[in-house]
Amino acid sequence: MLFQRALLLGALIMAACTPVAAEQAVAIPAATLDPADNRTSAHAILAGGCFWGVEGIFSHVAGVTRVESGFHGGTASSANYDDVSSGTNQHAEVVRITYDPRRVSYGNLLRIFFSVVADPTTLNRQGPDVGSQYRSAIIPANANQRQVASAYIAQLNAGHYWARPIVTAIEEPRTFYRAEAYHQDFMANNPDHPYIRRWDAPKLANLRSMFPALYRADPAP
């Protein structure tokens, strides 16, 4: 259902009595715990609402070599867009980021995630999208990533950068299921889609202005 979110956006605009605000960018410090990683390639899996924008934004981060939209948390039988969109299984819309840790650290990926990609204080909701499939979550690939994520959430909560506490969960890694082909590179292929223009283009602008040293104009595949 390619235009599902566009229809939802139209409904929200019509329903003026229940306005929905886009996630606001928040200036936050770098992670104090962010050890060096000399590997040439690593993976990070993050859930931050609609994977169209999450994938699109991280594809513009220098040091990221590939970003894939997919599903995580449920079974193979329900790992498809229609089933996940129903919100009746354990899947979340996620992205799997392949990156060069020598160029961009895991801590910096999390900094971008929390500051410009997702609102970490909303439970099972991002922007206009409501349901557990749109939850904010970090799926660490190893013990080091888990330690960095846990320490960073504690650091940000202690700094009170948001009016509400962070509810982003650190989930146990399970199988990543790649989403259907038409979801891949959706933001790059559909820059004028109403959902992208309303909810995700501002986040990309925030990435460019807030992290100029980590922004690149040409997206990764």
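The values are calculated or read from the model by the stated rules, or taken from the named source; none is laboratory data. Nothing here was measured: the structure is a model prediction, and the numbers come from that model. Every residue, glycine as well, gets a Cβ built from its backbone with ideal geometry; the counts of neighbours run over all protein chains shown. Accessible surface is based on the protein model in full, side chains and every heavy atom, while ligands, DNA and RNA are left aside. Shrake-Rupley method; radii C 1.70, N 1.55, O 1.52, S 1.80 Å.
For segment 149-195, enumerate the residues that are touching a helix residue (DSSP H, G or I) at 6+ places or on another chain (Cβ under 8 Å) and not in a loop (DSSP other than H, G, I, E, B).
Passing the criteria: ALA149, TYR152, LEU156, ILE170, TYR177, HIS183, PHE186, MET187, ALA188, PRO194, TYR195.
Does any residue in segment 55-79 that is among the acidic types (Asp, Glu) come within less than 7 Å, Cβ to Cβ, of a residue that is surrounded by fewer than 17 Cβ atoms within 10 Å (Cβ to Cβ) six or more places away or on a different chain, and which pairs are these?
GLU68/ARG178
In segment 170-187, how many residues are among the small types (Gly, Ala, Ser) and surrounded by fewer than 17 Cβ atoms within 10 Å (Cβ to Cβ)?
1
Looking only at segment 135-144, decide whether some residue is in a helix (DSSP H, G or I) and within 14 Å of the chain's Cα centre (by Cα).
no
Might you let me know whether segment 116-136 holds any residue that is open to solvent by 10 Å² or more (accessible area, probe 1.4 Å) and farther than 23 Å from GLN24 by Cα?
no
Pairs only if they're at least six apart or on different chains, beta carbon under 6 angstrom, first in segment 27-53 and at positive phi, second outside any loop (DSSP other than H, G, I, E, B); list them, first residue then second.
Listed pairs, sorted by first residue: GLY49/GLN126; GLY49/ASP129; GLY49/TYR134.
If you check PRO165 against the conditions, is it open to solvent by 10 Å² or more (accessible area, probe 1.4 Å), of a type outside the set (Ser, Thr, Tyr) and closer than 24 Å to PRO219 by Cα?
no
For segment 97-115, name all the residues that are charged (D, E, K, R) and either surrounded by fewer than 21 Cβ atoms within 10 Å (Cβ to Cβ) or at positive phi (or both).
ASP100, ARG102, ARG103 - these are the residues of segment 97-115 that are charged (D, E, K, R) and either surrounded by fewer than 21 Cβ atoms within 10 Å (Cβ to Cβ) or at positive phi (or both).
If I ask for residues that are out of contact with any Ser or Thr (no Cβ under 9 Å at 6 or more places or on another chain), at negative phi and free of Cβ contacts under 8 Å to residues at least 40 places away in the same chain, which ones from segment 141-164 would you list?
Those that are out of contact with any Ser or Thr (no Cβ under 9 Å at 6 or more places or on another chain), at negative phi and free of Cβ contacts under 8 Å to residues at least 40 places away in the same chain: ASN142, ALA143, ARG146, SER150, ALA154, ASN157, ALA158.
In segment 208-221, which residues are open to solvent by 80 Å² or more (accessible area, probe 1.4 Å) and in a loop (DSSP other than H, G, I, E, B)?
PRO212, ALA213, ASP218, PRO221
Considering only segment 189-207, state which residues are touching a residue at least 12 places away in the same chain (Cβ under 8 Å), within 16 Å of the chain's Cα centre (by Cα) and surrounded by fewer than 17 Cβ atoms within 10 Å (Cβ to Cβ).
The answer is PRO202, and nothing else.
Looking at (1) open to solvent by 10 Å² or more (accessible area, probe 1.4 Å); (2) in a strand (DSSP E or B); (3) farther than 16 Å from MET187 by Cα, which one does ARG66 not meet, given that it meets all the others?
The one condition ARG66 does not meet is (3).
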